[in-house]
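The values are calculated or read from the model by the stated rules, or taken from the named source; none is laboratory data. For clarity, every value in this text was computed on a predicted model and none was experimentally measured. Cβ atoms come from the backbone with ideal geometry, glycine included; neighbour counts cover every protein chain shown.
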Amino acid sequence: MNVQLPNNLDAFWMPFTASRWFKDNPRIIGSADGIYYTTIEGHKLIDGTGGLWCCNAGHNRKPIVEAIQKQAATLDFAHNFNQGHAIAFEAANRLTAMTPEFDHIFFTNSGSEAVDTALKIALAYHQARGEGQRRILVGRQKAYHGINFGGLSVGGIGLNKGQFGTLYPDAKHMRHTHIMPDNAFSRGMPDHGAHLADDLEEICQTYGGHTVAACIVEPVSGAGGVFPPPVGYLERLREICDRHGILLIFDEVISGFGRLGTAFAYQKFGVTPDLMTVAKGITNATVPLGGVFTTGDVREAFLAGPETMPDLFHGYTYSGHPLACAAAIATIDLYRDEQIFENAAKMEQPWEDMLHSLSDLPGVIDVRNIGLVGAVQLESGEVVGARGRAAFEKLWDQGVSCRPIGDSLAMSPPLVLTEDDIHRIGEMYRAVLSD
Ligand SMILES: Cc1ncc(COP(=O)(O)O)c(C=O)c1O
């Protein structure tokens with residue numbers, strides 16, 4: 001199909017975009033299929049970031065497209081405030097069946113909304129149990145939990161926060177786990193850094209453990225630069241949370257739905273949180289949907305009030321939107337039928353080998369990977385991020401997209417890629433980084 005670009009590119013205020021730089025050389029995607037994008041000029045490239053860590057089954061997948069079309073023609077919309085529709089209940093049942101530890105899911109429209117919802121559930125949970133003094137929310141440096149008030153407060157990327165000042169006043173932060181040079185070029189989980197979980201214990205000692213409501217972490221930090229958890233780190237966080245009655249929240253917006261070769265990262269790491277946020281791969285990114293999984297225990301605390309009152313004063317017009325629910329069901333069917341998580345597990349080793357084969361290239365100061373996520377970090381020049389951006393441009397022209405995060409080049413390809421695809425990506429990286 002021929003896609004025409006409008007003459008005026010000013011009206012659309014683009015998200016997280018250096019708009020003047022973008023407009024110098026607009027990269028406009030016209031269509032997508034499988035692991036490929038095609039630009040409106042006909043340049044075909046591998047979508048090396050699976051959308052934005054979200055098109056896990058690849059693009060333009062027929063069963064999902066058809067499910068959305070069918071749902072739109074049956075029930076385009078109905079809300080779920082004191083009324084309901086079948087497909088939202090069905091989607092919740094199907095999703096909780098993937099997670100034996102979680103019995104419930106609250107639907108949102110994005111990862112950011114899922115994070116803010118989880119933080120609010122944590123605060124309200126403690127209040128419902130008579131512990132309303134628990135107000136502190138603990139996050140981590142370099143963490144990305146979306147861009148809404150709560151998620152930004154517990155997030156740890158200064159550039160994202162600097163324009164807005166203090167948001168939630170009782171947010172505290174642990175140190176990040178990227179220990180250089182000790183952990184440089186680690187394959188999978190780095191050896192050093194379990195002790196950094198003790199930052200949570202320090203916060204408890206400083207403010208009183210009985211004032212901490214929740215601790216939120218990405219099991220694998222993604223948008224902050226791709227940092228797999230150090231061996232033993234998540235276990236230690238779980239222990240400290242248990243000791244102080246703190247809810248542990250895993251933000252699995254990126255790591256959920258097969259990215260690490262298991263349905264969810266908590267299953268790979270063997271550490272179960274109390275709440276888990278998801279989005280992105282839940283619908284293969286076709287229709288916006290997010291969610292918060294909760295255990296039965298957390299849910300139970302909300303059922304002690306009057307029966308005629310909402311148990312949580314929270315919800316979105318589109319919580320459980322029929323099109324999103326239809327897309328989610330078709331997506332998880334496709335993941336199962338094509339054994340897509342299994343393919344991610346199978347490709348983890350070739351992916352790791354390819355990435356680490358780039359370690360000897362000039363200017364590469366770290367390579368990190370786990371599941372089908374990876375990052376190659378370049379030595380920064382005078383302007384941090386300039387080399388990352390230049391490499392991104394050259395890789396695009398070669399035929400693969402990546403996500404520059406400062407001078408780290410992050411990758412999270414669709415989980416359906418083959419060893420051949422991995423090999424080709426490696427060749428393109430080698431060509432660009434050798435230059
Ligand atoms: C871990 C994590 N949480 C939350 C979000 C925010 O999701 P969204 O962009 O759908 O609001 C992201 C987005 O990349 C993320 O990586």
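Observations, loosely collected:
- Exactly one residue out of 214, 197 is more than 25 Å from residue 291 (Cβ to Cβ), assigned by TED's automatic domain parsing to the domain that holds residue 115 and among the aliphatic types (A, V, I, L, M), and it is 197.
- Any hit, region 243-265, residues being in contact with an Asp or Glu (Cβ under 7 Å, 6 or more places away or on another chain), surrounded by fewer than 22 Cβ atoms within 10 Å (Cβ to Cβ) and under 30 Å from residue 16 (Cβ atoms): yes
- If the condition is being more than 21 Å from residue 376 (Cβ to Cβ), aliphatic (A, V, I, L, M) and assigned to a loop (DSSP other than H, G, I, E, B), then region 1-42 contributes 1, 3, 5, 9, 11, 14, 18, 28, 40.
- The number of residues in region 130-139 that are touching a helix residue (DSSP H, G or I) at 6+ places or on another chain (Cβ under 8 Å) and more than 16 Å from the ligand (Cβ to nearest atom) comes to 6.
- Test: residue 34 is at pLDDT 95 or above, surrounded by 19 or more Cβ atoms within 10 Å (Cβ to Cβ) and either within 23 Å of the chain's Cα centre (by Cα) or within 16 Å of the ligand (Cβ to nearest atom) (or both): no
- Here residue 45 meets the list (1) under 17 Å from residue 280 (Cα atoms); (2) in a strand (DSSP E or B) almost entirely, failing just condition (1).
- Here region 203-234 is the region considered, the condition is being in contact (Cβ under 8 Å) with a residue 40 or more places away in the chain and part of a helix (DSSP H, G or I), and the residue that is farthest from the ligand (Cβ to nearest atom) is 210.
- If you go through region 222-268 and pick out every residue that is touching a Leu at 6+ places or on another chain (Cβ under 8 Å) and of a type in the set (D, E, K, R), you end up with 3.
- Index of the failed condition, residue 120 passing every other in (1) away from the ligand (no atom under 16 Å from the Cβ); (2) surrounded by fewer than 22 Cβ atoms within 10 Å (Cβ to Cβ): (1)
- Tally of residues being closer than 23 Å to residue 373 by Cα, charged (D, E, K, R) and surrounded by 15 or more Cβ atoms within 10 Å (Cβ to Cβ) across region 176-204: 1
- Across region 246-259, the number of residues qualifying as part of a loop (DSSP other than H, G, I, E, B) and within 13 Å of the ligand (Cβ to nearest atom) comes to 7.
- Residues of region 97-147 classified as assigned to a loop (DSSP other than H, G, I, E, B) and small (Gly, Ala, Ser), total: 6
- For residue 340, the conditions (1) in contact with a strand residue (DSSP E or B) (Cβ under 6 Å, 6 or more places away or on another chain); (2) within 30 Å of residue 69 (Cα to Cα) all hold with the exception of (1).
- Within region 140-174, considering residues that are within 27 Å of residue 372 (Cβ to Cβ) and away from the ligand (no atom under 14 Å from the Cβ), the one modelled with the lowest pLDDT: 159
- Matching entry among 388, 406, 363, 371 (being surrounded by 17 or more Cβ atoms within 10 Å (Cβ to Cβ), in contact with an Asp or Glu (Cβ under 8 Å, 6 or more places away or on another chain) and at positive phi): 371
- Only listed residue being in contact (Cβ under 8 Å) with a residue 60 or more places away in the chain and either in contact with a strand residue (DSSP E or B) (Cβ under 8 Å, 6 or more places away or on another chain) or within 23 Å of residue 38 (Cα to Cα) (or both), chosen from 371, 426: 426
- All positions within region 266-289 that are away from the ligand (no atom under 11 Å from the Cβ), on the phi > 0 side of the Ramachandran plot and either surrounded by fewer than 24 Cβ atoms within 10 Å (Cβ to Cβ) or not assigned by TED's automatic domain parsing to the domain that holds residue 329 (or both): 270
- Restricting region 290-325 to residues that are within 25 Å of the chain's Cα centre (by Cα) and among the polar types (S, T, N, Q), the residue that is surrounded by the fewest Cβ atoms within 10 Å (Cβ to Cβ): 317
- Note on region 325-435: enclosed strands (runs of 3 or more DSSP E) holding 2 or more residues that are small (Gly, Ala, Ser) are 373-378, 408-411.
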